[in-house]
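Below is one structure, written out as structure tokens, with a few remarks after it.
Please treat every number below as a calculation from the coordinates, not as lab data. None of the values given here were measured: they were computed from a predicted structure. Glycine also receives a Cβ, built like all others from the backbone with ideal geometry; neighbour counts cover every protein chain displayed.
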Amino acid sequence: MTTTTVVKQQAAPRATGAAHGRRGRRPARLVALLFVFPALLLLGALVVYPVLFSVGRSFFDASGTRFVGGDNYAEMFRDPATLKAVRNTTIWVVVAPALLTGLGLILAVLVEKVRWATAFKLLLFMPMAVSFLAAGIIFRLAYDEDPDKGVLNAAVVSVHDAFTGTSSYPTARGREGLLTEDRDGSYRMTASAGHSVTLPMVGVLPKDLPRNTSPAAPAAGRKAASGEVRGVVYLDFTPGGGGRQGKVDPKESGLPGMKVEAVRDGGTVASTTTAADGSFTFSGLHAGPYTVKLPESNFAPPYQGVSWLGPTLVTPAIIGAYLWIWTGFAMVLIGAGLSALPRDALEAARMDGANEWQIFRRITVPLLAPVLTVVFVTLVINVMKVFDLVYIIAPGPVQEDATVLATQMWLVSFGGGNNQGLGSALGVLLLLLVIPAMVFNVRRFRNSQR
């Protein structure tokens, strides 16, 4: 037998085996395709088709019957509401991910030094279990401008009143025809040294009077000495009816704590505060007329706190709610990366004399850079799509001031605009903004796997 014949006989079984191997792999591929097909079908129905349909719909008018080309995209950047949504989305992208990543990093480092670290992590991660709808309702109540409802304004009002005080009688007003009201809200009456005056007030409910209030009648009977101006500020109202307007009756109460000033030649020469029965006295005055004045500070409305959901602060307020929800997420991810750091590098730095701040800045942060980048980019993708919190927390009058691209897309399409063409264009814009961040994240995941 020749050498050629032997080679052919040896090659024949090999070729036959390769053919059998290929035929054996075909059924395996078919089985794999059968298993993947439902997932591909769902992916196409729920992701690919809506994206393609939105792209196509963005080139038609509101009714969807007339092709308008790029008019929707041009209108999108001419609409002031859309431009405001782009601006607010930019604020979200710049502020929220950076704050969350920084807070997550700080908390992850500090938690390692806490004895009950697991319980602390659980406490911070719990808001992630709350739906955005529930979180929006919670913060809508927390940001309420009424201090009796909004916990934040209740705290702000308490601190404000503790340092600056509050007006004694915000609802009080002078008896018409007996006291003169100035433009600034103060009341006045003219008196001469050596005389007494009565300053009747109305508009105060008996239940709102201070606890130390006494009847005003005894104070009204006091006579002023030479060089004095005496008087009484009282509630010109007799419980149960009766009494005379402008006259102090026995059942009428004084108004304690009322600030009174004696003014002459445009300047305040004396100032005092009424006693429990509403009486006051100015001593050491020169002869002549004076203006007895009740300053406007006595009647200033109570401090109501901060308008958290006003046009100025609504976006920062909603970002604050977002931070409450997602800080635990950032902390847990960064904490996982922190636990994987080589401890020998940290210990070597401590042995070389580095303090904790130097270790954090020069070793911990550079080693955590890949994790911090992934967290940051993931949060960027997330904030671009934020909708629930903005729609629920922002009240109707300031909805346009807080709107972002996702809410603007909904408002234009279904929230009254009924223009699915323009809404689809906004959806395409949002997709184009998200894609670069998604591609960056995918590439980082692939590189880390290698």
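Residue by residue, what Karplus-based ³J(HN,Hα) values in Hz, rounded to whole numbers, does segment 352-363 have, using 6.51, -1.76 and 1.60 with θ = phi - 60° and x for Gly and Pro?
Taking θ as phi minus 60°, the curve returns 7, x, 6, 7, 5, 5, 5, 5, 5, 7, 9, 10 Hz for segment 352-363.
Explain nothing, just compute: Karplus ³J(HN,Hα) = 6.51 cos²θ - 1.76 cosθ + 1.60, θ = phi - 60°, for every residue of segment 94-99 in order, whole Hz, x for Gly and Pro.
6, 8, 4, x, 5, 5
Which whole-Hz ³J(HN,Hα) couplings does segment 371-378 yield from phi under the Karplus relation 6.51 cos²θ - 1.76 cosθ + 1.60, θ = phi - 60°, glycine and proline marked x?
Here the 3J(HN,Hα) series is 5, 4, 5, 4, 4, 4, 5, 4 Hz.
Return a whole-number percent for the relative contact order of the chain, with Cα pairs under 8 Å and 6 or more residues apart as the contact set.
RCO, the chain: 23 percent.
Ala354 to Phe387: FRET efficiency via 1/(1 + (r/R0)^6), r the Cβ-Cβ distance, R0 41 Å, to the nearest 0.05?
0.35
Run down the lysines and flag those whose C-alpha is under 20 Å from the C-alpha of Lys251, throwing out any fewer than 8 positions away in its chain.
Lys207
Can you tell me the FRET efficiency between Arg115 and Ala154 if r is taken as the Cβ-Cβ distance and R0 is 51 Å, rounded to the nearest 0.05?
Working from the Cβ atoms, E equals 0.95.
Could you pull out every residue, at least 5 positions away or on a different chain, whose amide H is within less than 5 Å of the one on Val130? Hs are placed 1.01 Å off N in the peptide plane, and Pro or chain starts have none.
none
Taking mean projected area of the Cα convex hull in nm² as the quantity of interest, determine which of [x] 37.6; [y] 45.1; [z] 29.8 was computed from the displayed structure.
Only one listed value fits the structure, namely [y].
So which lysines pass the test for Lys121, namely a Cα distance under 20 Å, with those fewer than 8 places away in the same chain ruled out?
The qualifying lysines are Lys113.
How about Lys385: which lysines have a C-alpha closer than 19 Å to its C-alpha, ignoring those fewer than 8 places off in the same chain?
Within the straight-line limit of under 19 Å, Lys385 reaches these lysines: Lys84.
Skipping prolines and chain starts, which residues have an amide H placed within reach, meaning under 5 Å, of the one on Ser271, given they are 5 or more residues away or on another chain?
For Ser271, whose amide H was placed from the backbone, the distant partners under 5 Å are Ala262.
For the chain, give the share of DSSP beta bridges that are antiparallel, in percent and rounded to the nearest 5; count only bridges with both residues there.
75 percent
Separation between the Asp161 and Ala300 pseudo-spin-labels, each 7 Å from Cα along Cα→Cβ, expressed in nm?
Result for the modelled spin labels: 1.5 nm.
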